[in-house]
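A short worksheet on the structure shown next.
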Amino acid sequence: MFRNTADGRTTLEARARPGLVLAAAAVVTLQAVGAVAGLAPLLAVVELGRALLSPGPVDQDHVRAAVMVGAAGLFVRLLFTAASSGLGHVLDGHVQLALRRALAARLGRVPIGWFSRRRTGELAKVVGEDVSAVHPLIAHTPGELVSAFVVPLVSLIYLLTIDWRLTLITLTPVVLAVALVPLLMLPSRQREQEEYDAAMGRIASSVVEFVQGISVVKTFGGSGRAHRKFRAAADDFVSVFSRWVRGMSLVAAGMQLALSPPFVLVVVLTGGTAMITSGGMAPADLLPFLLLGLGLTAPVAALGHGFDDIQAARRAVGRIRDVLAVPSLPEPADPVAPQGHRVELRHVRFAYEPGHDVLRGVDLVLEPGTVTAVVGPSGSGKSTLVQLLPRFFDPTHGSVVLGGVDLRELGSRDLYGTVSFVFQDTSLLRASIADNIALAVPHAGLEDVVRAARLANVHDRVLELPRGYDTVIGEDAGLSGGEAQRIAIARALLADAPVLVLDEATAFADPQTEQAVRRALATLEGDRTMLVIAHRLETVADADTIVMLENGVIVEQGRPADLLARNGKLTAFWQARTSAIADEHEPTTA
Amino acid sequence: MIRTLLRVLGHEYATPMRRTLAMMTATAAVEGVLYALLVPILRALFGRTPADAWPWLIAFAAAVAVYAVLRYISDLSGMRVGTTMLRGMYHRLGDHLARLPIGWYTDRRVGDVSVMASRGLLAALGVMAHLLAPFISALVTPLTIVAVMLVLDWRLGLASLVAVPIVVVTQVRTARSMATVDAQRHDRDHEAAARVIEYLQAQPVLRAGGRTRERFGLLDDSLQHVERTSRRQTLSMLPGAVGLTLTVQAIFTVLLALGTYLALGGNIGAAEVLTILVLAARCADPLLSLSDIGAKLRGARSELDRLDTVLRTEPLPEPDEPIRPERHDVEFDAVTFRYGDRTVAENVSLSVPEGQRIAVVGPSGAGKSTLLQLLARFHDVDAGAVRVGGVDVRAIDTEVLMARIAIVFQDVYLFHGTIEENVRLGRPDASDAEVRAAATAARLDEVIERLPGGWAADVGEGGALLSGGERQRVSIARALLKDAPMVLLDEVTSALDPLNEAAVHEGIERLMAGRTVVMVAHRMRTVRRADRVALLDRGRIIAEGSHDELLSRGGTYADFWNVSTTPVAGDVG
């Protein structure tokens, strides 16, 4: 685990490094040069002041030179800061793209079982929003930090050479503001922050309920519970928010006032007037303080201003790292090719959480050319069992062996080339129908796609769509659940893998689809190995082997006729079911 | 922007909003005027009697105090208005969302609105609250300073006045060109987010095709689009930012050169010219910050625009003089309904006498669920009418209509809370005994016994902790408790495990007893118990009658059922 975390970290930094190094070097240098050059015109004013205020004739050439230098400085500043900002943004784009690609690559390698419906949204947020949140860290912060620190530092040194006493006086507002900072970080503030986050969370979850459950909300009384709950959460949040803001306001206002130009000017002018009237300073020396002194407050202001963004960016980086650190399904160093496609489960145990075994020692052989039907009550471990074949998970103990090779020693190309499955919620991509069917066989020709579609009984429907096989799902046309399911079947048929795993519950969306699947499966000739979670009796009756699962163990196994004749658990199970839905399968009289 | 804000908020906020804006403007103006006091101070300090500066300096300090107080008050007022607005916006949005027809809520909208109503709103208002004052001050303070300069020296003042139109034009132009790019960026981000979700959900299939080892084209393309758009965003931002900087700097250079020239020629006093240059330097920073603030305000503005779009979406019209239906028979009278450019229902006529059941069957995509949605008025028909008890549903008050209907959907959404809360939703004032009875009738009691915590068991977000069959049972119990005279049922298509299947079946039978029922049916046993059956295909009714009648007629209806009723059940049993 530790190794993996470290691994994730290196990946993140390795991906981001070329961009960051360039950004740090070029962006910062350009910005520094530009910002410092921006001081030139102010210095020109100072020189002008000295020349005008000094007794005797004005040195016109010196003044003109100073003005020229000032103007040139402005030009340099414009050029360099624009270049820095532009470059920073471009690099930022690169880094974000690299990060997103790294995330996509990692997510393409983690065990499929790791995904769950709930996580999809969170993961999408990491790839989208969180990567975007890194933006200020890369595109803005370097530049802003340079402006906020380099310029004041240069100004400070310059002012010190002019008059160290007035420099210290000029710094008093900064000191005042810094002294107030601890007040902003009191424990009570911390608590307020937590309350604030909690209240925001309540709003978010009540919105989700309100909006996603809108049909329920509306059908059970228009301005019902969810609406009230949302309003209550909103009111609650607003009051927490205003308390939060108020708690901050006095201290923050004090800080902002201390850093504001009028206040700094009062301080500088008072100090300057005192020193000039006492004869301790030449009047002209006041000018640089009026011009540059105001900028000394920039670092404190910048820290306060950019702090939230930087914090948010850091949290986002943390989440990105977490995802990159998820252990990927280990790929074997020397993949072994399977010999044939006999599947064997050897003493398989599996637990999602330690101590709660879902499968408790399953031994099962699936011979090529046979159909094995898994039946059993819900919670018996059926779904988990079939998900081990396409290696959504690795078994906790024991092994799944395909063609004599442990799945863990099989390269993923071999594995997915051999095992095909229809049981996830159908996921159609927003792409053409042809591409969707050919997803697993990218180089399939249109005639192959059409053949698969025909077998899946969806060809006619596709032809009715505005652009036939080029119809983009979700853009040109939407498909009903059953149609989508048939596309998925066509996809599996085109993949033509020798091992097929199927869950009837999701495969039979409607009578047409069920018929299509049955017909299609019947045409699958040869020595395919099939494993089916069966819900229909005819599937059970037609299977070569039935496996009855209960509580994670196989309680009965054998040929359907034998088992049904035995009057054992399977018979009891099926009778309970048939009596419950007695008339479902009555023959029609057509 | 303020106008959009006020429209979004409703005009009762106009007065406090204007007051705050006025306060902020006054504060910024005082800051500008305060700088004018630099003139006598510097004149004294740079002259022969520096001590003359003291009284002016005291005046300056007093002005700073006034400025501080004004600023504090306007900040407070800004915050107060901000929080009131926040509350107002949340309420307005919430009220409006509750009025929008269910048909409006597509998957994409659900996602958008969820974000908008939580973080989006706050972000938009937060930007307003934080940046409005700096924005106003960045505009007003320099303007005041220009006025001061005009008084001091008309030539230098005029020179700086030139900046005003240029700054305004660059800002407006940038805002305009950025609006397009910003919108593009938003779309691209949206698309990429959708692609990411798609990529995640399609992992099994993608891996089967070996598509995740190389970069997955659809996703990678959209990620690259995002990058390209973001670069375009930067590029189109540059002219505005550079233009602004160039203007400000050029004006400063002009002032510097002109001031120097005038001073060298003895046409202006040293103190005056130096003060003007100090003031000009003072203007530069806030002016330059305009482009940054502008970008952030634009972000908030587009959020407001999205909110505005939602708020402007008209809910289905409510009748002025609603009619309460006296009976509960249902009639579809030549109903046509289009969704987008697809005709989902075409000239559908159906009638269900009170207390009878009609089953709608047909291939997927035939428009079966749409009929239920039209009856519950998720959408309004494009032609024809849907009537309950002889009254057009459009003439019935929505709450009244909803009170008469109990719906059991395929996808059951449960609220995060206990099972009891979710059942009670059916009739909040029901007694405990009634709730228990409904649960027993829906065979939910078995589920409750099994769950740790029983009635108080948490169902998880959206009901995620229960299985599909168990959620169905909760939803049936809810509908039973509601005890509405009409039942709309969308039968689950996917097979449940036998136990749940039986329980759900039993619950639904009890729910339908004695009520007017319109159901979308997939199981023959459900259809056989219906009084009438309508076979729907591509939005049209192609056969109607009792099940046996239709079967004996043969044809499409018999074909439809044949496919799933191969006689095997008789072999076992």
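Values as computed for the structure displayed
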item	result
B:Arg306 in contact with a Gly (Cβ under 7 Å, 6 or more places away or on another chain) and part of a helix (DSSP H, G or I)	no
Criterion: in a helix (DSSP H, G or I) and at pLDDT 85 or above - qualifying residue of A:Thr297, A:Thr270	A:Thr270
Unique residue being open to solvent by 60 Å² or more (accessible area, probe 1.4 Å) and in contact with a helix residue (DSSP H, G or I) (Cβ under 7 Å, 6 or more places away or on another chain) when the list is B:Leu218, B:Leu139, B:Leu161, B:Leu223	B:Leu161
Among (1) among the hydrophobic types (A, V, I, L, M, F, W, C); (2) more than 38 Å from the chain's Cα centre (by Cα); (3) farther than 25 Å from A:Ala253 by Cα - the single one A:Leu176 does not satisfy	(3)
Qualifying residue in the range A:107-118 (condition: of a type in the set (Val, Ile, Thr) and more than 9 Å from chain B (Cβ to nearest Cβ))	no
Yes/no for A:Asp334 being out of contact with any strand residue (DSSP E or B) (no Cβ under 7 Å at 6 or more places or on another chain) and of a type in the set (Asp, Glu)	yes
Residue match in the range B:267-281 (condition: open to solvent by 20 Å² or more (accessible area, probe 1.4 Å), modelled with pLDDT under 85 and closer than 30 Å to B:Ser114 by Cα)	no
Wholly enclosed helices (runs of 4 or more DSSP H) of the range B:1-116 bearing at least 3 residues facing chain A (nearest Cβ under 8 Å), buried (at least 17 other Cβ atoms within 10 Å of the Cβ) and among the charged types (D, E, K, R)	B:53-99
Filter pass, A:Val90 being free of Cβ contacts under 8 Å to residues at least 24 places away in the same chain, closer than 30 Å to B:Ala192 by Cβ and at the interface with chain B (Cβ under 10 Å from one of its Cβ atoms)	yes
Residue check, B:Gly367 within 30 Å of B:Thr526 (Cα to Cα), open to solvent by less than 30 Å² (accessible area, probe 1.4 Å) and not β-branched (Val, Ile, Thr)	yes
Single residue of B:Ala263, B:Ala284, B:Ala250 found to be free of Cβ contacts under 8 Å to residues at least 40 places away in the same chain, within 10 Å of chain A (Cβ to nearest Cβ) and closer than 16 Å to A:Leu43 by Cβ	B:Ala284
A:Leu53 being at the interface with chain B (Cβ under 8 Å from one of its Cβ atoms) and either over 21 Å from the mean Cα position of the chain (by Cα) or within 30 Å of A:Gly411 (Cα to Cα) (or both)	yes
So B:Glu449, is it touching a helix residue (DSSP H, G or I) at 6+ places or on another chain (Cβ under 7 Å), farther than 19 Å from A:His227 by Cβ and part of a helix (DSSP H, G or I)	no
Strands (runs of 3 or more DSSP E) wholly inside the range B:327-423 containing at least 1 residues that are modelled with pLDDT of 90 or more and closer than 22 Å to B:Leu550 by Cα	B:330-339, B:342-352, B:357-361
Enumeration of residues in the range A:60-69 that are more than 59 Å from the chain's Cα centre (by Cα) and open to solvent by 90 Å² or more (accessible area, probe 1.4 Å)	A:Asp61
Top-ranked residue in the range B:487-520 [being within 11 Å of another protein chain (Cβ to nearest Cβ) and more than 18 Å from B:Ala442 (Cβ to Cβ); ranked as modelled with the lowest pLDDT]	B:Ala495
Residues satisfying the stated conditions in the range A:260-301, i.e. within 49 Å of the chain's Cα centre (by Cα) and of a type in the set (Ser, Thr, Tyr)	A:Ser260, A:Thr297
Checklist (1) of a type in the set (Val, Ile, Thr); (2) under 20 Å from B:Gln472 (Cβ atoms); (3) surrounded by 20 or more Cβ atoms within 10 Å (Cβ to Cβ) applied to B:Ile396, failing item	(2)
Those residues of the range A:521-552 which are away from chain B (no Cβ under 14 Å) and in contact (Cβ under 8 Å) with a residue 60 or more places away in the chain, in sequence order	A:Thr523, A:Gly526, A:Asp527, A:Arg528, A:Thr529, A:Met530, A:Leu531, A:Asp544, A:Thr545, A:Val547, A:Asn551, A:Gly552
Positions within the range A:516-569 being surrounded by fewer than 15 Cβ atoms within 10 Å (Cβ to Cβ) and among the basic types (Lys, Arg), in sequence order	A:Arg519, A:Arg559, A:Arg566
Enumeration of residues in the range A:379-390 that are closer than 18 Å to A:Asp406 by Cβ and open to solvent by 10 Å² or more (accessible area, probe 1.4 Å)	A:Gln387
Test for A:Val174: is it modelled with pLDDT of 85 or more, open to solvent by 40 Å² or more (accessible area, probe 1.4 Å) and farther than 22 Å from A:Ile320 by Cβ	no
Condition met for B:Thr260 (closer than 19 Å to A:Gly295 by Cβ, over 51 Å from the mean Cα position of the chain (by Cα) and either open to solvent by less than 20 Å² (accessible area, probe 1.4 Å) or modelled with pLDDT under 85 (or both))	no
Within the range B:235-256, considering residues that are open to solvent by less than 40 Å² (accessible area, probe 1.4 Å) and among the small types (Gly, Ala, Ser), the one farthest from A:Phe80 (Cα to Cα)	B:Ser236
Flag if A:Ile473 is crowded, with 23+ Cβ neighbours inside 10 Å and modelled with pLDDT of 75 or more	no
Conditions (1) part of a helix (DSSP H, G or I); (2) at pLDDT 85 or above; (3) more than 9 Å from chain A (Cβ to nearest Cβ): number failed by B:Pro322	(1)
Residue under evaluation B:Asp292, criteria (1) open to solvent by 20 Å² or more (accessible area, probe 1.4 Å); (2) touching a Phe, Trp or Tyr at 6+ places or on another chain (Cβ under 7 Å); (3) in a helix (DSSP H, G or I); (4) not basic (Lys, Arg), criterion not met	(2)
Output for the range A:262-286, where each listed residue is facing chain B (nearest Cβ under 8 Å) and open to solvent by 30 Å² or more (accessible area, probe 1.4 Å)	A:Phe263, A:Thr270, A:Thr277, A:Pro283
Test set (1) in contact (Cβ under 8 Å) with a residue 24 or more places away in the chain; (2) among the aliphatic types (A, V, I, L, M); (3) assigned to a loop (DSSP other than H, G, I, E, B); (4) open to solvent by 40 Å² or more (accessible area, probe 1.4 Å) - A:Ile310 fails condition number	(3)
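The values are calculated or read from the model by the stated rules, or taken from the named source; none is laboratory data. Computed from a prediction, not measured in an experiment: that's the story for all the values here. Positions of Cβ are generated from backbone atoms using ideal geometry, with glycine treated the same way; all protein chains shown enter the neighbour counts. Keep in mind that these areas ignore ligands, DNA and RNA; they rest on the heavy atoms of the full protein, side chains included. Shrake-Rupley method; radii C 1.70, N 1.55, O 1.52, S 1.80 Å.
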